[in-house]
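No value in this document is a laboratory result; all are computed from the given coordinates. Only a predicted model underlies this, so the values are computations on that prediction, with no experimental measurement involved. Cβ coordinates were reconstructed from backbone atoms using ideal geometry, including for glycine residues, and neighbour counts include every protein chain displayed.
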């Protein structure tokens, strides 16, 4: 196993595959000030992204020797964004596991694909297309303005407008937790910053609420008129 340099293990991130998901991830990591090395087998994609990312390399990541020559084993974190070929995704990921990369985030295009990735040791499996679809569905069908899901669909945190029935009341008076089983954790009134919610916090019609709870219960609360 390659010995990891302190600089790469602490900051640099490897991104494999520069399709929509991989390129967006790499670009946003760069904007956050992280050093990124991207690997892509399509020469046209390599040329397109060469001037926009820290390092872009053309290589076949299913080839272990190619990865060794690039020093991939020196990275502690890798994102596998390959989505066009399950075989290439799995073979690439196996190579990363064998090279001892500590944190691997891999895109899956189906439940079966995700199951295989977990079997070979990937802890962070992502389903960007289905997750995006679920998020949009929640936003368009309720008062939610933003939606972040955790624990595979069981728990979420949302930003939303307050239902009419709680407007003008304090949190203690509205009894939201008792009535709906969700917790208001923050409130933002117009012209003010978000503040932690207190029992005495009064809910205005133009306020924004940060609410946490079970996905189904949040849907019921946010679906109120």
Q | Full-stretch length increase - residue 154, residue 127 - with 0.36 nm per residue and alpha-carbon distance subtracted | A | 8.1 nm
Q: With a ≥ b ≥ c taken as the square roots of the eigenvalues of the C-alpha gyration tensor of region 23-83, please select rounded if a/c is under 1.5 and otherwise prolate if a/b is larger than b/c or oblate if it is not?
A: oblate
Q) In whole Å, what is the distance between the alpha-carbon centres of region 71-119 and region 173-225? A) 39
Q | For region 93-225: Kirkwood Rh in Å [reciprocal of mean 1/r, alpha carbons] | A | 16.7
Q | Simple spin-label estimate for residue 32 and residue 59 in nanometres, 7 Å along Cα-Cβ | A | 2.3
Q) Based on DSSP H runs of at least 4 residues, each adding -39500 (n - 2.57), what is the mean residue ellipticity at 222 nm of the chain after dividing by all its residues, to the nearest 500 deg cm²/dmol? A) -10000 deg cm²/dmol
Q: Sort the following peptides by mean Cβ neighbour count (other Cβ atoms within 10 Å, averaged over residues), highest first: 115-128, 89-102.
A: 89-102, 115-128
Q.
Taking mean projected area of the Cα convex hull in nm² straight from the coordinates, which label in (i) 14.8; (ii) 11.8; (iii) 11.1 is the correct one?
A. (i)
**Q.** Solvent-free Debye scattering, log10 I(q)/I(0), computed from the Cα coordinates of region 6-126 at q = 0.10, 0.12, 0.16 Å⁻¹
**A.** -0.25, -0.37, -0.67
**Q.** Helix 20-31 vs. the chain, principal-axis angle (Cα, 0 to 90°, nearest 10)
**A.** 80
Q. What nm value, rounded to one decimal, do you get for the distance between residue 179 and residue 115 when each label is placed 7 Å out toward the C-beta?
A. 4.4
